[in-house]
Amino acid sequence: MEPLGQHLKQNKDFQKRLEKIKRETLTHKEVKAFLDEHRSELTNEIIETDLDQLQAYKDQSKCCEKCSSYRNCINFVKGHVPELYIQNDHIKTRYLPCPNKIEYDERKFESNLVTSFQMPEETLKATIKDIYVDNESRMAIIKKAMEICNKIVSGEDTKGLYIHGPFGSGKSYILGAISNQLKLKKQASTIIYLPEFIRVLKNGFNDGSFSERFESAREAKVLMLDDIGAEELTPWVRDEILGPILHYRMVHKLPTFFSSNFNFDELEFHLSKTRQGAEITKASRIMERIKTITEDYELKGKNYRA
């Protein structure tokens, strides 16, 4: 059994610590400012009862001064600063987003504005101002692209672009530049290298990812399909993947962009040829949808990869 003297000493030590905490809390600059501001509403009893609220407020960062970043936030509610208020004769605390949290959310939002699949880093960093404009076809595409971007931002219905031309002429780069131009205006887009996307979709039946990947492409606010015509064509690809995606986007008037080495006639021929033989009607049906949702532009110029 603990000696009475030892118990009393420990009790006195506890009381001393409690009084010290109370004194430090009530004399803290920000706590004192709150108490002074609400002097007419507060009684000693309220302050004693809700001292824990005041102490918790004192120990937290108010303007990120104790936190180097959102990830290193020390506050009880990460990324939020405490604010004291009075309600029903009690001191309470609410939490508001801090500057670090607001900045973090903004960066995260912007990073999610461009969703990509198997696109080169160079393409994902492309900008409109960096596109070569050494011929009229390139200038026309840039002008039209800016017009379309403005319509998307303003919420107007608009067709996308079907950009076709030789290898290395910069078709994919232009799609990336359009995507980043939309990002500057806080507009989301999805840019996909179609041949690889088709391959991964097939594997999705095994790992369960098919539906999610398919729907994310079909329903993207702005969709860019890079290198259509380079995919391994099968009836399944044409009729169960491309067809439904394009039909959905046509019906819902969702902006859609394409790049291809084929012009419309060449792409239609490509879409008609499978191992099952020529299927002209089905190819024509796909092309009709592409023509409905895009404007056709030929990109002329040298091979910039050479």
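The values are calculated or read from the model by the stated rules, or taken from the named source; none is laboratory data. Predicted model, so just to flag it, every value in this text is computed and none were measured. Note: ideal-geometry Cβ built from the backbone for every residue, glycine included; neighbour counts use all protein chains shown. Ligands, DNA and RNA are excluded from the accessible area calculation, which covers all protein heavy atoms including side chains. Shrake-Rupley method; radii C 1.70, N 1.55, O 1.52, S 1.80 Å.
Once semi-axes √(5λ) of the Cα gyration tensor in Å is worked out from the coordinates, which option in [x] 64, 22, 17; [y] 45, 22, 17; [z] 25, 22, 20 does it equal? This structure yields the entry labelled [x]. Other residues within the sphere of radius under 12 Å centred on the Cβ of I152, judged by their own Cβ, net out at +4 (K and R +1, D and E -1). Solvent exposure of E103, expressed as accessible area, is near 100 Å², computed with a probe of 1.4 Å over the protein chains only. Beta bridges from DSSP with both residues in the chain: antiparallel share about 35 percent, rounded to the nearest 5. Each pair of Cα atoms in segment 111-216 enters the Kirkwood radius, and Stokes-Einstein at 25 °C and 0.890 mPa s then converts it into a translational diffusion coefficient of 163 µm²/s. Among 116-122, 286-292, 160-166, sorting by the average number of other beta carbon atoms lying within 10 angstrom of each residue, highest first, gives 160-166, 286-292, 116-122.
Once you sort the root eigenvalues of the Cα gyration tensor of segment 206-257 as a ≥ b ≥ c, which label holds: rounded (a/c under 1.5), prolate (a/b larger than b/c) or oblate (the other case)? The shape class here is oblate.
Can you send over the carbon and sulfur percentage of the accessible area for the chain, probe radius 1.4 Å, protein chains only? The computed percentage sits at 50. Of the three principal axes defined by the Cα atoms of segment 177-224, the extents in descending order read 38, 17, 13 Å.
Per-residue accessible area (protein heavy atoms, 1.4 Å probe) orders R107, R94, R71 as R71, R107, R94, starting from the largest.
Peptides 134-143, 223-232, 75-84, 20-29 ranked from most to least packed by the mean count of surrounding Cβ atoms within 10 Å: 223-232, 75-84, 134-143, 20-29. Between the helical axis of 280-293 and the longest alpha-carbon principal axis of the chain there is an angle of about 50 degrees.
Distance distribution P(r), segment 14-84, all Cα-Cα pairs, bin width 5 angstrom from 0: 3, 16, 24, 22, 16, 12, 6, 1 percent.
Accessible surface comparison of C63, C149, C73, probe 1.4 Å, protein chains only, largest first: the order is C63, C73, C149.
Electrostatic bookkeeping for C73 treats Lys and Arg as +1 and Asp and Glu as -1; over the other residues with beta carbon under 11 Å from its beta carbon, the sum is +4. In this structure segment 156-306 gives 46 Å² per residue of accessible area when probed at 1.4 Å with all protein chains present. The GNM of the chain, with springs linking C-alpha atoms under 10 angstrom apart, assigns the highest mean-square fluctuation among D59, D36, D265 to D36. Amide H contacts for C98 (H built 1.01 Å from N in the peptide plane; partners 5 or more residues away or on another chain; cut-off under 5 Å): H80, V81.
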